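K.L.:
Take this structure, written in structure tokens, and hold onto it; I'll ask about it next.
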Amino acid sequence: MTRSLLLLLLLAGGLLPLLPGRTGFLLTVTAEGFLFVTLASSWDLTGGRTGYPSFGNMTFFGVGAYTTAILMNRGIGFFPALAWSGGAALFCALVIGFPLLRLRGPYFTVSTLGLLLATREIAANLTITGGGSGLTTPLYRGSVEAEVSFYYLFFSLAVLTVLASAFLRSNRFGLLLSAIRDDEEKALTMGINSTAVKVAVWALGGLFTGLAGGTYAYFNLFIDPGVVFNLDWSVLMVLMALLGGAGTVSGPVLGALLLHGLNVTLWSYLPGWQYVVLGALIVVVVLFFPGGIVGSLSAHAISLTPRAPAAR
Amino acid sequence: MTVYLQLFIDGVLVGSVFALMAVGFSLVWGVVRIINLTQGELVMLGGFLTYWVATVLRWNPFAALPLAAALLFLLGYGIQRGILNRATHASLFMTLLITFGLSIAIRQLGIQLWTANVRTVTAPFAGVSLQVGGTVISVVKLIAFGAALLLTAATWILLTSTRIGFAIRATAQNPQAAALMGVNLSSVYAFTFGINAAVAGAAGVLISMIWPLYPHMGVPLTIRSFIIVILGGLGSIPGALLGGLTLGLVESYGAYLFGISLQEALAFGLLVLILLLRPRGLFGWGLQG
């Protein structure tokens, strides 16, 4: 059922710009929705599938965004700059992954939060990044064509991420991830080099997140440390994956689109309060729907809250 | 040479306030098994209360200490009773996420209510300092140091020689056994979180007199609390004190050597290093042993 839902979304997403009477607002909001699909699905590769939930994925978004902005300001075209963004994010994820992914449980999670704070601070203090005042990217002509191009860019990136996520469900590498999530000690005993597997999947997520960051830098025309190393987005993507159903292919997609829709609605009617609502929503989802939407519908979803043996 | 002595003094003075902030964080982690990501926001609320006491009521900012402790105790007790007690069966990550959600909500509420502007509290003796052997010691920091040590000691006494303290420590050692002995776990958890919030609020009062205040100040303070507990060992108050002083010293010397603007990056580097090299903490103490 979820597969047909995804195909339906693919069709609707691909055809949306062709609809008559499309408005710029709807198109931009949907494009951002696909940006969040990329972020949530990338997060889920390590967070849901492998059982290493991170609060620091926006690090790769920031690295990607700054790489594109810096290179474009030096006269390099968007697509080569974007390729470098992906490479830079991938490289960062590999370098940081080796020490960080040796940590387990909450030690990993809180350290990733520290990672995000640290990279944001570094970006705010280098000269090449423009420090705290940020960077602008070259202007594109604000036309319908540009809008549609960005829409398809974000859309393809989301499709690519979800395809990778679906591919990892079925092959051997995906099984390694599940093995690590379910019992890492046993996986180690079976001869799995768990650190290498974890770093590889974390780097894959970092690649997609970095590409999203690079596209966002051009799309948004301006970046600064607070915008791209965004603390609120780093937890927003986690909530999206959980709301939809962590550890599934379609969960993060549904969660991202739904929550982004909610966020935009709140932004329009209650500006400034959307993060108060977001905070409250996190509490509600975790307490009452820990399996997410897909988790409530199917048995494929994994639960991040194993019931402890009765405490009292 | 005096420079290094001066850095040492500053590090110890600020570190003591860090330690106070981390004492409750360590307690909640050890007893309630929750890594409380709202810690920095509790400190922030204590700071803003001081700002109001000093600018609206025009009282001495130190008068905010009992007020912040009392109000934040109620808030903390309420958070644990109303929300976190419902999640005691959930995984540590889920409680991390809930407290992160609460921290976002509190921070954003702060921005909505008080704007994102930076505020400062002018403490009495703000400009006064002592000169000892070529070093300059700010009197406000010295008072904050004394207050932080006293409050840390008070928490220690509360835990080691009162009835509720026994209940809290029993729960930390073995919740099931404590429950069988008639300890009401929900109320011990709520009380523990309340104590944590009260102590964090008091730390916020002290911090407001030495640092500027703004709604976003919380997250780096939460990460600091985490680092301090990693350094000192889980659930140990002397450990939190030593961890806090160590972090204060590292930040003080780090700021001198690498520049003040890379404090968070430095703290993160320290965190990863400690976790990889000494996962049981520098001192290897803890309530759980």
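K.L.:
Mind checking which residues of the range B:38-94 are in contact (Cβ under 8 Å) with a residue 40 or more places away in the chain, among the hydroxyl-bearing types (S, T, Y) and not in a helix (DSSP H, G or I)?
P.N.:
Answer for the range B:38-94, where residues must be in contact (Cβ under 8 Å) with a residue 40 or more places away in the chain, among the hydroxyl-bearing types (S, T, Y) and not in a helix (DSSP H, G or I): B:T38, B:T88.
K.L.:
If A:T161 satisfies all but one of (1) surrounded by fewer than 16 Cβ atoms within 10 Å (Cβ to Cβ); (2) within 18 Å of the chain's Cα centre (by Cα); (3) among the hydroxyl-bearing types (S, T, Y), what's the number of the condition it fails?
P.N.:
Unmet for A:T161, out of (1) surrounded by fewer than 16 Cβ atoms within 10 Å (Cβ to Cβ); (2) within 18 Å of the chain's Cα centre (by Cα); (3) among the hydroxyl-bearing types (S, T, Y): (1).
The rows are residues; the columns are (1) closer than 30 Å to A:F25 by Cα; (2) in a helix (DSSP H, G or I).
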| residue | (1), (2) |
| --- | --- |
| A:V148 | yes, yes |
| A:F154 | yes, yes |
| A:A158 | yes, yes |
| A:L177 | no, yes |
| A:I180 | no, yes |
| A:K186 | no, yes |
| A:I192 | no, no |
| A:V197 | no, yes |
| A:A203 | no, yes |
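K.L.:
Need the failing condition index for A:I128 against (1) under 18 Å from A:F61 (Cα atoms); (2) touching a residue at least 60 places away in the same chain (Cβ under 8 Å); (3) surrounded by fewer than 15 Cβ atoms within 10 Å (Cβ to Cβ), just the number.
P.N.:
In the conditions (1) under 18 Å from A:F61 (Cα atoms); (2) touching a residue at least 60 places away in the same chain (Cβ under 8 Å); (3) surrounded by fewer than 15 Cβ atoms within 10 Å (Cβ to Cβ), A:I128 misses (2) alone.
K.L.:
I need the full set of residues from the range B:89-120 which are crowded, with 18+ Cβ neighbours inside 10 Å, within 11 Å of chain A (Cβ to nearest Cβ) and over 18 Å from A:A280 (Cα atoms), in order please.
P.N.:
Matches in the range B:89-120: B:S91 only.
K.L.:
Determine, yes or no, whether A:L153 is away from chain B (no Cβ under 14 Å), buried (at least 20 other Cβ atoms within 10 Å of the Cβ) and touching a Leu at 6+ places or on another chain (Cβ under 8 Å).
P.N.:
In short, no.
K.L.:
Okay, next question. Given the conditions (1) touching a residue at least 24 places away in the same chain (Cβ under 8 Å); (2) closer than 29 Å to B:V53 by Cβ; (3) away from chain A (no Cβ under 14 Å), and given that B:I157 satisfies all but one, which numbered condition is not satisfied?
P.N.:
Status for B:I157: all satisfied but (1).
K.L.:
Consider B:T171 carefully, then state whether it is away from chain A (no Cβ under 14 Å), closer than 15 Å to B:V31 by Cβ and hydroxyl-bearing (S, T, Y).
P.N.:
Considered against the rule, which asks whether it is away from chain A (no Cβ under 14 Å), closer than 15 Å to B:V31 by Cβ and hydroxyl-bearing (S, T, Y), B:T171 comes out as no.
K.L.:
Give the residue, chosen from B:Q288, B:Q263, that is at pLDDT below 85 and under 19 Å from B:A172 (Cα atoms).
P.N.:
From the options B:Q288, B:Q263, the qualifying one is B:Q288.
K.L.:
In the range B:203-226, is there at least one residue being of a type in the set (F, W, Y), crowded, with 16+ Cβ neighbours inside 10 Å and under 14 Å from B:G24 (Cα atoms)?
P.N.:
Yes, the range B:203-226 contains a residue that is of a type in the set (F, W, Y), crowded, with 16+ Cβ neighbours inside 10 Å and under 14 Å from B:G24 (Cα atoms).
K.L.:
I need the full set of residues from the range A:225-284 which are in contact with a helix residue (DSSP H, G or I) (Cβ under 9 Å, 6 or more places away or on another chain) and not in a helix (DSSP H, G or I), in order please.
P.N.:
Listed by number, the residues that qualify are A:F229, A:N230, A:G245, A:A246, A:G247, A:T248, A:V249, A:L270, A:G272, A:W273.
K.L.:
Evaluate the following for A:L176: is it without any contact (Cβ under 8 Å) to a residue 60 or more places away in the chain, over 30 Å from A:A217 (Cβ atoms) and among the aliphatic types (A, V, I, L, M)?
P.N.:
yes
K.L.:
Also, quick follow-up: Of the residues that make up the range B:236-248, is at least one modelled with pLDDT of 90 or more and within 14 Å of another protein chain (Cβ to nearest Cβ)?
P.N.:
Yes, because at least one residue in the range B:236-248 is modelled with pLDDT of 90 or more and within 14 Å of another protein chain (Cβ to nearest Cβ).
K.L.:
Out of (1) closer than 19 Å to A:L39 by Cα; (2) in contact (Cβ under 8 Å) with a residue 24 or more places away in the chain, what's the single condition that is false for A:S133?
P.N.:
For A:S133, the failing item is (1).
K.L.:
Report yes if A:R169 is at pLDDT below 90, of a type in the set (K, R) and either surrounded by fewer than 24 Cβ atoms within 10 Å (Cβ to Cβ) or in contact with a helix residue (DSSP H, G or I) (Cβ under 6 Å, 6 or more places away or on another chain) (or both), otherwise no.
P.N.:
yes
K.L.:
Report, by residue number, each residue of the range A:106-126 that is part of a helix (DSSP H, G or I), within 7 Å of chain B (Cβ to nearest Cβ) and of a type outside the set (A, V, I, L, M).
P.N.:
A:P106, A:Y107, A:T109, A:S111, A:G114, A:E121 - these are the residues of the range A:106-126 that are part of a helix (DSSP H, G or I), within 7 Å of chain B (Cβ to nearest Cβ) and of a type outside the set (A, V, I, L, M).
K.L.:
Also, I was wondering about something else. Among the residues of the range B:46-58, how many are surrounded by 23 or more Cβ atoms within 10 Å (Cβ to Cβ) and among the aliphatic types (A, V, I, L, M)?
P.N.:
Final tally of qualifying residues: 1.
K.L.:
Which numbered condition trips up A:Y140, out of (1) among the hydroxyl-bearing types (S, T, Y); (2) touching a helix residue (DSSP H, G or I) at 6+ places or on another chain (Cβ under 7 Å); (3) assigned to a helix (DSSP H, G or I)?
P.N.:
Condition not satisfied by A:Y140: (3).
K.L.:
Give the residue, chosen from A:G47, A:G86, that is at the interface with chain B (Cβ under 10 Å from one of its Cβ atoms), of a type outside the set (A, V, I, L, M, F, W, C) and in a helix (DSSP H, G or I).
P.N.:
After applying the criteria, what remains is A:G47.
K.L.:
Give the residue, chosen from B:F145, B:F125, that is more than 14 Å from chain A (Cβ to nearest Cβ), without any contact (Cβ under 8 Å) to a residue 40 or more places away in the chain and either closer than 22 Å to B:L213 by Cα or within 19 Å of the chain's Cα centre (by Cα) (or both).
P.N.:
One residue alone meets the criteria, B:F125.
The values are calculated or read from the model by the stated rules, or taken from the named source; none is laboratory data. This one's a predicted model, so the numbers in the text were calculated from it and none came from an experiment. Note that each Cβ is placed from the backbone with ideal geometry, even for glycine, and that neighbours are counted across all protein chains shown.
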